[in-house]
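Enquirer: Have a look at this one before I ask anything.
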Amino acid sequence: MNRREIDHCLLCNAPLTIRMDWKRLFVNRFPQAICQECEGKFERYRHEGNEEVDSLYYYNEAMQDYLHRYKFMRDVLLAKVFAGEIHRHLKNRKELIVPIPMHPEKWKERTFSHVDELLRQARIPFVHVLEKTTTEAQAGKSREERMKTPQLFVLREDAQVEGKDLLLVDDIYTTGTTIRHATQVLMEGGAKSVKAFTLIRAKGGQEAIKASPLMF
Amino acid sequence: MKYILRRNRESKRYKGIIAEPEIRDFFLGKIWSREHAPFSKEKLDCYISRSFFKIKPAISIKPSSPSLFGKRYFCNRCHNDNQREFVEFDCARCGKACVYCRHCINMGRMSCCTELLVWNGPSGIFPKRHVFDWNGSFTVLQQQAAEELRESIGRKRNHLLHAVCGAGKTEILFPAVFHCLRKGWRICIATPRTDVVLELFPRFQKAFPNTIMHAYYGDAPEQKGLAQLVIATTHQLYRFEKAFDVVIVDEADAFPYTYDRSLQKAVWKARKEGAPVAFVTATPTSELLTKVKKERWGCSFIPRRYHGHPLPVPRFEPLWFYDRQIDKGKLPKKLMHWTKRRLGREEPFFIFFPAIPLMEKAIPLFQEIHPDICGVHAKDSERKEKVMKLRNGEIPGLLTTTILERGVTIKNVQVAVVGAESKIFTSGALIQISGRAGRHADFPNGDIVFFHHGISVEMDAARNEILRLNKEGFRT
């Protein structure tokens, strides 16, 4: 799949009709991966004033399906779906990109790191400076439980964050616990500023996102 | 529980185990991934070390014949070899470049580092005593077809049973299935549609009350015991390998079976070597018919319904710009009259729509006429319950997509198709839809209307085929 063009929508398998033009011919770095119809089902995030956390899409039914297939069914290829969008959004950022890490055990279980893969497909260089300490997932917990969780991350020993501007990247922002914990660790490590970017943003009131069990 | 035999024989200790029945019952005939198996890891390791299982990698890599193109991948579960559906990625578990199959990913991902287990232990013995509790009677044609089918299976020859909708196909299977059960064979009845599985399962359960049978479909509950009779969707056959002495494919022309090559392969891989496969359908594809001729399969043809009445013939009604009218929130007049008439006569009805969005727009319009009318589609979780409600007369009618085009029997049902000229309604689909009406002996006639925005070739073909079958069936 990597060398070949994508000619069917990765989500609904409908044949893609791609109009060829000069730009496509020469700089087709992020080929279209889903059909217009599937694209229309995702809801773009509207910026609500000056916020520390930036996002691209809202969490809706289509996004739930996507995340389920990507993260829980482990369809790695779906990282390509938003590659172009993420690239456009992050290519001019001056900060150092820091993805939220996975616990090594969890990483082995899932066989890939979903955040890293999103960035890799979007061709955004990144550096790991954090380490996750627990294997439990935030998904499936209530708001109260999330608020009470002890620190999730530690700084890597070889990490150099002093005086740097950092941009945290995660797949979804729900209550902000993950981002808050990571920010705290980085600030304590001497970072100048920490901002965050997530692909998906849960709408207000949308709380516990259910961890879907593996369906087979 | 583990049964350990210990014996001291000249200082050589023999250590073996006897397979637990549960683990054998679960794995017999199946090809199942190690990580998804419902048994503990230690237990499986113990069995594997004693070679009760053969282990296969889920994706095998073959060098392609002209080695210019690199490797060719092959999924051992769904037998997919379309290279476009394999995805290479860096795997954290096996620590190298790994490949997974996108074709059967909905059943859990299979990658190079996933292992598939195939039972290698003692096989089960199936009982030969069965109770056959059915006291219906056959028409001459049915009797003949049932005997032909049984004979074909006895001679290990493939068979095609071509019978019109409502010819009593399920009943025709009974004697053949009973024959196989009594020989102690394992049988599978496969069909592309979950609805058909749900419809067939209780009927077979009633006819063979003492036989252990399982139904497999998308979210089927876990079932215990060693099933001699398996009723499954064709997708579920991905999980079987060399399991059955006979495979019967019901509704062999339904989507996605005809469309998806790997489902067809799944049927052939699920049977034991040389075991016969029988296809049952009302609208065989030309491909199937040529195969029957070429490979000299057995073939039975029933052009008449079991009650001996001719098939109801659809009539065409123009319904110009129905989609625009529904978009505007207006129900086309003709459709409204038709619905009101059915309600007035208290006849249950199906109204077929070509697409889900159109149907969803139409639901509130119909609910203005009668609040209990509701709609079903493929993603509806209450599909089973709604059809049940219609059968019990709790709701007057259902709006549906092609999902209910087959396998559903409701007494005295009347049928309308909105937008019959749409691409999705092929002649096969329209024949199936028409076949919903007039299935009961007390109500052999039913109204079938194709509301259209211009008559399509497929509509004509469907009507001509029905007329031909009627002619064939009543030729004396």
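Enquirer: Which is the longest part of chain B that has none of the GluC sites (Glu not before Pro) sitting in a DSSP loop with at most 10 other Cβ atoms within 10 Å?
Expert: Here the longest segment lacking exposed loop sites spans B:11-221.
Enquirer: Further question: Where the only charges are on Cβ atoms (+1 Lys, Arg; -1 Asp, Glu), what is the dipole of region A:1-41 about its Cα centre, to the nearest 20 debye?
Expert: That gives a dipole near 200 debye.
Enquirer: Right, next: For residue B:206, go through the aspartates and glutamates and keep the ones whose alpha-carbon is under 13 Å away, minus same-chain ones fewer than eight residues off.
Expert: Result set, ordered by chain and number: B:133, B:171.
Enquirer: When a/c is below 1.5 the answer is rounded, else prolate if a/b is larger than b/c, else oblate, so apply that to the protein assembly as shown with a ≥ b ≥ c taken from the square roots of the Cα gyration tensor eigenvalues.
Expert: Here the protein assembly as shown falls in the oblate category.
Enquirer: Something else about it: Can you tell me the orientation of helix A:177-188 relative to chain A, as the angle in degrees between its alpha-carbon axis and the longest Cα principal axis, to the nearest 10?
Expert: 60 degrees
Enquirer: Next question. Taking R0 as 35 Å, what FRET efficiency do you get between residue A:142 and residue A:97 from their Cβ-Cβ distance, rounded to the nearest 0.05?
Expert: 0.70
Enquirer: Label residue A:64 and residue B:51 with points 7 Å out from Cα along Cα→Cβ: what is the distance between them in nm?
Expert: For the pair residue A:64/residue B:51, the computed spacing is 5.0 nm.
Enquirer: Mind checking the angle between helix B:169-182 and chain B's longest principal axis? C-alpha axes, 0 to 90 degrees, to the nearest 10.
Expert: Tilt of helix B:169-182: around 20 degrees.
Enquirer: Counting pairs of alpha carbon atoms under 8 Å apart in space and at least six apart in sequence, what relative contact order in percent does region B:315-473 give?
Expert: After rounding, I find 28 percent.
Enquirer: Another question, then. Describe numerically, in nm with one decimal, the distance between label points set 7 Å from Cα along Cα→Cβ at residue B:137 and at residue B:61.
Expert: The modelled label-to-label distance comes out at 6.7 nm.
Enquirer: A further question on this structure: Return the loop-located trypsin sites (Lys or Arg not before Pro) in region B:257-306 (DSSP other than H, G, I, E, B) with at most 10 other Cβ atoms within 10 Å of their own Cβ; answer none if there are none.
Expert: B:296
Enquirer: Could you list B:203, A:88, B:102 in order of exposure, starting from the residue whose Cβ has the fewest other Cβ atoms within 10 Å?
Expert: Placing the least packed residue first, the sequence is A:88, B:203, B:102.
Enquirer: Magnitude of the Cβ-charge dipole of chain B, K/R +1 and D/E -1, about the Cα centre, nearest 20 debye?
Expert: With Lys and Arg at +1 and Asp and Glu at -1, about 1840 debye.
Enquirer: Shape call for region B:425-476 from the C-alpha gyration tensor, a ≥ b ≥ c root eigenvalues: rounded (a/c under 1.5), prolate (a/b greater than b/c) or oblate?
Expert: Since a/c reaches 1.5 but b/c is at least a/b, the shape of region B:425-476 is classed as oblate.
Enquirer: First select every other residue whose beta carbon is under 11 angstrom from the beta carbon of residue B:393; then total the charges, Lys and Arg +1, Asp and Glu -1.
Expert: Spelling it out: positives minus negatives among the neighbours equals -1.
Enquirer: By how many degrees, between 0 and 90 and to the nearest 10, does the Cα long axis of helix B:140-154 differ from the longest principal axis of chain B?
Expert: The helix B:140-154 is inclined about 20 degrees to chain B.
Enquirer: In nm, to one decimal, how far is the residue B:118 label point from the residue A:165 one, both placed 7 Å along Cα→Cβ?
Expert: For the pair residue B:118/residue A:165, the computed spacing is 6.0 nm.
Enquirer: Further question: Would you work out which of A:15, B:172, B:352 lies farthest towards the positive end of the dipole of the protein assembly as shown? Charges go on Cβ: Lys and Arg +1, Asp and Glu -1.
Expert: The residue sitting most towards the positive pole is B:172.
Enquirer: Follow-up question, since we're still on this one. If I take every Cα pair under 8 Å that is 6 or more residues apart in region A:43-201, average their sequence separation and divide by the length, what percent do I get for the relative contact order?
Expert: It comes to 28 percent, rounded to a whole number.
Enquirer: Size of the dipole of the protein assembly as shown about the Cα centre, Lys and Arg at +1 and Asp and Glu at -1 on the beta carbon, nothing else charged, in debye to 20?
Expert: 2240 debye
Enquirer: Quick one: of B:242/B:293; A:203/B:379; B:62/B:269, which pairs are farther than 22 Å apart, Cα to Cα?
Expert: B:242/B:293; A:203/B:379
Enquirer: Please compute the length gained on full extension between residue B:320 and residue B:341, using 0.36 nm multiplied by the number of residues separating them and subtracting their Cα-Cα distance.
Expert: Going from the current span to full extension adds 5.5 nm.
Enquirer: Let me ask something else. Please give the contour-minus-distance gain from residue B:391 to residue B:379: 0.36 nm per residue of separation, less the Cα-Cα distance, rounded to one decimal in nm.
Expert: Answer, rounded to one decimal: 2.3 nm.
Enquirer: Would you list B:194, A:134 from fewest to most Cβ contacts within 10 Å?
Expert: Arranged by neighbour count, lowest to highest, B:194, A:134 become A:134, B:194.
Enquirer: Same structure, new question: Please label the shape of region A:43-201 as rounded, prolate or oblate, based on the square roots a ≥ b ≥ c of the eigenvalues of the alpha-carbon gyration tensor (a/c under 1.5 means rounded; beyond that, a/b larger than b/c means prolate, else oblate).
Expert: Judged from the Cα gyration tensor, region A:43-201 comes out rounded (a/c under 1.5).
Since every read-out is calculated from the coordinates, none of them should be taken as a lab result. For clarity, every value in this text was computed on a predicted model and none was experimentally measured. Every residue, glycine among them, receives a Cβ derived from its backbone with ideal geometry; neighbour counts consider all protein chains shown.
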